[in-house]
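Here is the structure we will look at, set down as structure tokens.
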Amino acid sequence: MKAKITGILLSAAVLAQLGLPLISASAADTITVDVTISNAGTLTVPAKPVTVSDRNGDGKFDIDETLYAAHEAFFEGGAAAGYLSKQTDWGLSIDKLWGVTNGGSYGYYVNNQFSMGLTDEVKAGDYVAAFVYKDAAKYSDCYSFFDQKQIKDAKQGDEVELKLSKFVFGADGTAKAVPAAGADITIGGEKTAFKTDENGAVKVKLDKAGDLLISAVSDTDTLVPPVLLAAVSAAETAAPETTSTTAETTTTTAGTTTTGKGTPAVTTTAAKSSSTSTTAAKTGESAAIPALALTAVLASGAAFALRRRND
């Protein structure tokens, strides 16, 4: 027994000397998160995948690390130019977002749910949305979102049913999602004729093909732009029908007609009226010769008979 324990200790010492871990399982070094950032009502990063690292080494990933990674990937000059967070009386807070420093008028949500702080945990496949308030005085901006995150394999001309919601805050400061009624749907940044009803529902026809960015604006609410990405393939077009007609070939030669298929319509008439009349004339002359001869013979016979009779 003592020998076995000694062997185990020696093995562990060898592994430690070689720098090999006794347990190989470890947390992932990075995760991929979809991120949306908007600045005062203008989309700047529409649901883009971002690779997030555990910068503070606490063994997890949070909103702060996600926004830092998003600025590193998409903001000109990186996070050093566009993003800053710092400790305040309220905990870790945003001090600059998308290059804008406005005294703390920022908001952020995870998976379309209100978040309490930048240190809230984020996991692989999550969706993080952050924004600079357009109304930096009354903070009336309403975070809004569709009931679908993405539309795949749609075809041009398809209709999709969507529901748009928005967050509002009660008197006690509690946030809750309610239907976003009367909002105009935009596709590719252009306003369409599609509008949400009193339940936030709307039916949208996908008239264009390609990768479409669907969002919404409102005349009554200051909406934080929602994001829905739709991959729409072009409508199939039917091939034109081809009709082939085989013409008949008619050949007329001296009154004889032959018909065949498989050649262009060609009509050839040999020996037309002039040659036909000539042929007819020759036929008439040939028939007249025996008649004249017969007349001559009959006349000679009659004369011979008269002479015999006179004699």
- What number of residues within the range 128-155 are of a type outside the set (G, A, S), more than 12 Å from L228 (Cα to Cα) and part of a strand (DSSP E or B)? 7
- Task: Would you confirm whether any residue within the range 103-111 is under 13 Å from I37 (Cα atoms), touching a strand residue (DSSP E or B) at 6+ places or on another chain (Cβ under 8 Å) and of a type outside the set (F, W, Y)?
- Result: yes
- Query: Can you tell me how many residues in the range 200-209 are loosely packed, with under 13 Cβ neighbours inside 10 Å and within 21 Å of N112 (Cα to Cα)?
  - Reply: 0
- Message: Need pairs with beta-carbon distance below 8 Å; first residue farther than 22 Å from R55 by Cβ and within the range 24-41, second at pLDDT 95 or above and part of a loop (DSSP other than H, G, I, E, B); sequence gap 6+ or separate chains.
- Response: S38/P225; N39/W98; A40/Y133; A40/K134; G41/K134; G41/D141; G41/T222; G41/P225
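Table: residues versus (1) under 13 Å from V128 (Cα atoms); (2) assigned to a strand (DSSP E or B).
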{"site": "A47", "(1), (2)": "yes, yes"}
{"site": "T51", "(1), (2)": "yes, yes"}
{"site": "T66", "(1), (2)": "yes, no"}
{"site": "S85", "(1), (2)": "no, yes"}
- Residue that is within 14 Å of the chain's Cα centre (by Cα) and at pLDDT 95 or above, where the choices are L164, L228, L223: L228
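The values are calculated or read from the model by the stated rules, or taken from the named source; none is laboratory data. Just so you know, these numbers come straight off a predicted model, no measurement behind them. Cβ atoms come from the backbone with ideal geometry, glycine included; neighbour counts cover every protein chain shown.
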